[in-house]
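Below is one structure, written out as structure tokens; comments come after it.
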Amino acid sequence: MISRIDRVVGGLRAARLINAYRARLRDQDLLPDRAALSVACSAYANGCVYVVAAPGQVWSRISDDKDDPEQLQINEIDYTLLHGHSAICQELSGTVLRMPLDELDARFSLERWPELETD
């Protein structure tokens with residue numbers, strides 16, 4: 001469950017993320033620019049975990065299940081035929097686990113993105 005992306009990363013970074021996704025949709029999927037922008041804005045506005053999830057992010061537990069870790073950091077996003085789209089995550093204890101993106105979205109909330117590298 002992701003709240004408004006600009007509240008997590010700030011307005012300027014949110015605009016950069018949306019514009020980068022728009023460019024990928026335009027270049028890779030050959031969408032017209034206006035359609036690509038519309039899809040990109042919608043994906044980020046709705047917190048589409050398949051678009052938003054990225055390495056370095058920290059996600060916090062929102063479920064009542066105490067067996068879920070309090071926080072997870074995403075190490076990588078992976079896709080396999082067996083597991084589908086998954087996040088390879090590390091718990092605070094150091095344990096590494098694979099979590100389907102749908103489960104990540106349902107049981108955790110995006111807490112923070114990695115810090116931006118300075119030029």
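For S63, state whether it is among the hydroxyl-bearing types (S, T, Y) and in contact with a Pro (Cβ under 8 Å, 6 or more places away or on another chain).
Spelling it out, it is not the case that S63 is among the hydroxyl-bearing types (S, T, Y) and in contact with a Pro (Cβ under 8 Å, 6 or more places away or on another chain).
Working only within the range 14-57, note down all residues that are touching a residue at least 40 places away in the same chain (Cβ under 8 Å), touching a helix residue (DSSP H, G or I) at 6+ places or on another chain (Cβ under 8 Å) and not β-branched (V, I, T).
A45, G47, Y50, A53
Among the candidates R34, R13, which residue alone is of a type in the set (K, R), at pLDDT 90 or above and surrounded by fewer than 18 Cβ atoms within 10 Å (Cβ to Cβ)?
Matching residue, one of R34, R13: R34.
Scanning for something under 12 Å from the mean Cα position of the chain (by Cα) and more than 13 Å from D105 (Cα to Cα), does the range 20-37 turn up at least one residue?
no
Quick test for you: out of L92, L30, L37, L72, pick the one residue that is touching a Cys at 6+ places or on another chain (Cβ under 8 Å) and not aromatic (F, W, Y).
One residue alone meets the criteria, L72.
The values are calculated or read from the model by the stated rules, or taken from the named source; none is laboratory data. Computed from a predicted model, the values in this text were never measured in an experiment. Note that each Cβ is placed from the backbone with ideal geometry, even for glycine, and that neighbours are counted across all protein chains shown.
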